[in-house]
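To keep things clear, I will list the structure first and then write my remarks on it.
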């Protein structure tokens, strides 16, 4: 998990769920996200994030979330969820 | 209002079954997220929610959703769901199907579930192609659409799910796309409140097969074209319409479709999305049946 | 009461509270009777769009916690096969009553036959265990329908009641027990976290929690692990097979039922089931009157076939005659089990007419002369 916190908003990236489809990068209106060498998103310009959640809404794999200071719901610990059995 | 992805995952999905088998960028995950959020916003207890699915890429959704889930045979999901709903009328039963699943092999079951007006929420994910088996023509492949079984383009007329639903007697019909995710969630949430058979057609992308074969671009490009080729319906105009909407395609975004809508009022080549129709005074078959049972019991007493 | 009525009443007595079906001769009376009877007992009757949907609906209702059944005839039974396989693979209890008719396709819709014996065993695709019961009287139609529900619940499997039109349409006197013994579905003892809905227990099955409790599990026709999730792991799949076969094989003493008449000193054994067993019983009496030592072996459970009993019988008698209203479906099974120790031959007809006692007697006399 890659947590980026630089401005008001944070972005959690769950690499184990991510398929590098690029939808989050394509739909971000603020150019917050950039692909790494394998196409996985990096939130390199987090300070530009405006919490529109376009990335989160378009992610078919629940692999990214934007975390505002007052989130709409709880935030769960994704890595432990994936490995629980 | 958008629930946090990690919260959806924990509360309504089965994260240990992730990642899904769906291709990168497939809209099915978005549909699943909207269904989960619709259940949340309706305040339903997930113990009392069932998801019944058929076969195909869409059929796999039931394995990832943390409800009472039933992954049935190809096309038969509405019939399995009918049995379940009749046994447990208090349960919210969501049926997820693909276009081939619901309109080809399962067409008969869909028609009769709508005719009975049984209280199911049907979500038909329409990507105009058979994805799991490798890109064959489906009943909603647009005329001219190239598939692995129509190399020079399909020449069959696609099924119009909307007019089918209207004719068969569905209580509610809405169309959404995987691109307008908030609207998708809202429409499914609304469908789940309908007494009777409610159908939400979700236009989705198979960029890996249909998109590639028809040079429609990647997932995000296909989603962008959904925005260009659809428009929000104006419910007032729809109510005033003298004739029902007539589509020449079931609403695939891949090929432009012509729409004659609300004759003389509005002309627009784009496919309408939103609530297309809702039958007022509709009553779920299962609640009517159980009311009949109660009446019989009272008469005996 | 006739056989179809007895089956319908047997279903009610066994606790069946859901019926989905599609009309087809000669089974239709079952649907007609249950359409009136089920609402009286608070149950659900629904006429579906076809037999595929009927089979699907009873599986859905069974998962909802109701004992469920459908009834049909050959062509409809063919349509049910895919979903019947689903019920086998996902271990959903349900009962299918098939009142057979003659021939492939529409055949002779109103005439009696026993042509679906092999379809009942192997009709759905792929290897699979199945239980099939065959009544030969109206009384047995009632008793075996109750038993079908009990076995279905106990072993979490579809059970087929294979009738022929002789039994289904026959009117005779029956004695209905006030309260037949009924097996009800237990709830899991474990917590939802510990619950394995498809536990691979050698010779047993996990209790099936109805949908709508706190046990939220996944049911699929894909081969699955003990939790119900799809798997392609060969080791898990082979454990699944062991579980599926052993849950039946370990309980053959309980599942298998047959009746024997005058076999102790018999030289010639008749193996007959369903409506044909009635003619066979009479033929035994006629043969005995003429001094020929004939006896009758009548399976009530036809699948799994009573293999051990048949092997023993073949070692005891000189000859076995298998009268059937088909071209020799169970004869194949009897020949296999006799293994050459007793000569096996059939008396067969599939022209819509019942096999008469005289026809069977003639066959007995012919082989008895050969033996002499």
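Worth a mention:
- Residue A:13 meets each of the listed conditions (1) under 30 Å from residue C:196 (Cα atoms); (2) crowded, with 20+ Cβ neighbours inside 10 Å; (3) more than 8 Å from every other protein chain (Cβ to nearest Cβ) apart from (1).
- Here residue A:32 clears all of (1) within 9 Å of another protein chain (Cβ to nearest Cβ); (2) surrounded by 16 or more Cβ atoms within 10 Å (Cβ to Cβ); (3) in a loop (DSSP other than H, G, I, E, B) except the condition numbered (1).
- Pairs with Cβ under 6 Å, 6+ apart, first in the stretch C:190-210 and more than 18 Å from residue C:151 (Cα to Cα), second outside any loop (DSSP other than H, G, I, E, B): C:200/C:239; C:200/C:243
- Some residue of the stretch C:228-243 being more than 12 Å from chain B (Cβ to nearest Cβ), crowded, with 18+ Cβ neighbours inside 10 Å and in a loop (DSSP other than H, G, I, E, B): no
- Counting the residues of the stretch C:55-71 that are part of a helix (DSSP H, G or I) and more than 7 Å from chain B (Cβ to nearest Cβ) gives 2.
- Among the residues listed as B:27, B:63, the single one being within 22 Å of residue B:207 (Cβ to Cβ) and within 19 Å of the chain's Cα centre (by Cα): B:27
- Top-ranked residue in the stretch A:35-62 [being within 20 Å of residue B:34 (Cβ to Cβ), touching a strand residue (DSSP E or B) at 6+ places or on another chain (Cβ under 7 Å) and outside any helix (DSSP H, G or I); ranked as farthest from the other protein chains (Cβ to nearest Cβ)]: A:51
- Scanning the stretch B:9-28 for residues that are outside any loop (DSSP other than H, G, I, E, B) and either more than 7 Å from every other protein chain (Cβ to nearest Cβ) or closer than 15 Å to residue B:56 by Cα (or both) yields B:11, B:12, B:13, B:28.
- Test: residue in the stretch B:29-41 that is assigned to a helix (DSSP H, G or I), surrounded by fewer than 22 Cβ atoms within 10 Å (Cβ to Cβ) and at the interface with another protein chain (Cβ under 9 Å from one of its Cβ atoms): yes
- Test set (1) at the interface with chain B (Cβ under 7 Å from one of its Cβ atoms); (2) within 24 Å of residue B:180 (Cβ to Cβ); (3) modelled with pLDDT under 95 - residue A:68 fails condition number: (1)
- Applying the criterion of being more than 8 Å from chain C (Cβ to nearest Cβ) and surrounded by 23 or more Cβ atoms within 10 Å (Cβ to Cβ) to the residues of the stretch B:42-56, the residue that is nearest to residue B:129 (Cα to Cα) is B:56.
- Qualifying residue in the stretch C:332-342 (condition: exposed (fewer than 15 other Cβ atoms within 10 Å of the Cβ) and at positive phi): yes
- Taking the stretch B:187-204 as the range and being in contact with a helix residue (DSSP H, G or I) (Cβ under 6 Å, 6 or more places away or on another chain), crowded, with 24+ Cβ neighbours inside 10 Å and assigned to a helix (DSSP H, G or I) as the test, only B:188 passes.
- Residue that is surrounded by fewer than 20 Cβ atoms within 10 Å (Cβ to Cβ) and touching a strand residue (DSSP E or B) at 6+ places or on another chain (Cβ under 8 Å), where the choices are C:23, C:75, C:93: C:23
- Considering the stretch C:17-30, the residues that are within 12 Å of chain B (Cβ to nearest Cβ) and not in a loop (DSSP other than H, G, I, E, B) include one that is farthest from residue B:84 (Cα to Cα), namely C:21.
- Unmet requirement for residue C:85, which otherwise passes all of (1) surrounded by fewer than 22 Cβ atoms within 10 Å (Cβ to Cβ); (2) closer than 30 Å to residue C:173 by Cβ: (2)
- Residues within the stretch C:43-52 that are touching a strand residue (DSSP E or B) at 6+ places or on another chain (Cβ under 7 Å) and at the interface with chain B (Cβ under 8 Å from one of its Cβ atoms), tallied: 3
- Criterion applied to C:53, C:69, C:120 was being under 21 Å from residue C:205 (Cα atoms) and modelled with pLDDT of 95 or more, and the one residue passing it is C:69.
- Hits in the stretch B:58-79 (condition: surrounded by fewer than 24 Cβ atoms within 10 Å (Cβ to Cβ), more than 19 Å from residue B:33 (Cβ to Cβ) and more than 7 Å from chain C (Cβ to nearest Cβ)): B:74
So that you can scan it fast, the table gives a plain yes or no per residue for (1) within 25 Å of residue C:51 (Cα to Cα); (2) touching a residue at least 60 places away in the same chain (Cβ under 8 Å); (3) under 16 Å from the mean Cα position of the chain (by Cα):
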position: B:103; (1), (2), (3): yes, yes, yes
position: B:115; (1), (2), (3): yes, no, no
position: B:123; (1), (2), (3): yes, yes, yes
position: B:130; (1), (2), (3): no, yes, yes
position: B:136; (1), (2), (3): no, no, no
position: B:142; (1), (2), (3): no, yes, no
position: B:146; (1), (2), (3): no, yes, no
position: B:151; (1), (2), (3): no, no, no
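- Number of the exception - residue C:135 against (1) under 14 Å from the mean Cα position of the chain (by Cα); (2) surrounded by 22 or more Cβ atoms within 10 Å (Cβ to Cβ); (3) outside any loop (DSSP other than H, G, I, E, B): (3)
- Residues that are at pLDDT below 95, part of a strand (DSSP E or B) and surrounded by fewer than 20 Cβ atoms within 10 Å (Cβ to Cβ) are absent from the stretch B:205-224 altogether.
- Residue B:6 falls short on exactly one of the conditions (1) facing another protein chain (nearest Cβ under 7 Å); (2) closer than 26 Å to residue C:94 by Cα; (3) not in a strand (DSSP E or B), and that condition is (2).
- Of the residues making up the stretch C:31-54, those that are in contact with a helix residue (DSSP H, G or I) (Cβ under 8 Å, 6 or more places away or on another chain), surrounded by fewer than 18 Cβ atoms within 10 Å (Cβ to Cβ) and outside any strand (DSSP E or B) are C:39, C:40, C:41, C:42, C:50.
- Residue within the stretch C:277-293 that is in a loop (DSSP other than H, G, I, E, B), touching a helix residue (DSSP H, G or I) at 6+ places or on another chain (Cβ under 6 Å) and more than 14 Å from chain B (Cβ to nearest Cβ) present: yes
- Test for residue A:19: is it at the interface with chain B (Cβ under 7 Å from one of its Cβ atoms), closer than 20 Å to residue B:30 by Cα and over 12 Å from the mean Cα position of the chain (by Cα): yes
- Meets criteria (in a helix (DSSP H, G or I) and in contact with a strand residue (DSSP E or B) (Cβ under 7 Å, 6 or more places away or on another chain)) for residue B:184: yes
The values are calculated or read from the model by the stated rules, or taken from the named source; none is laboratory data. Fair warning: this is a prediction, and the values are worked out from it, not measured in the lab. FYI the Cβ positions are ideal-geometry reconstructions off the backbone, even for glycines, and counts take in every protein chain you see.
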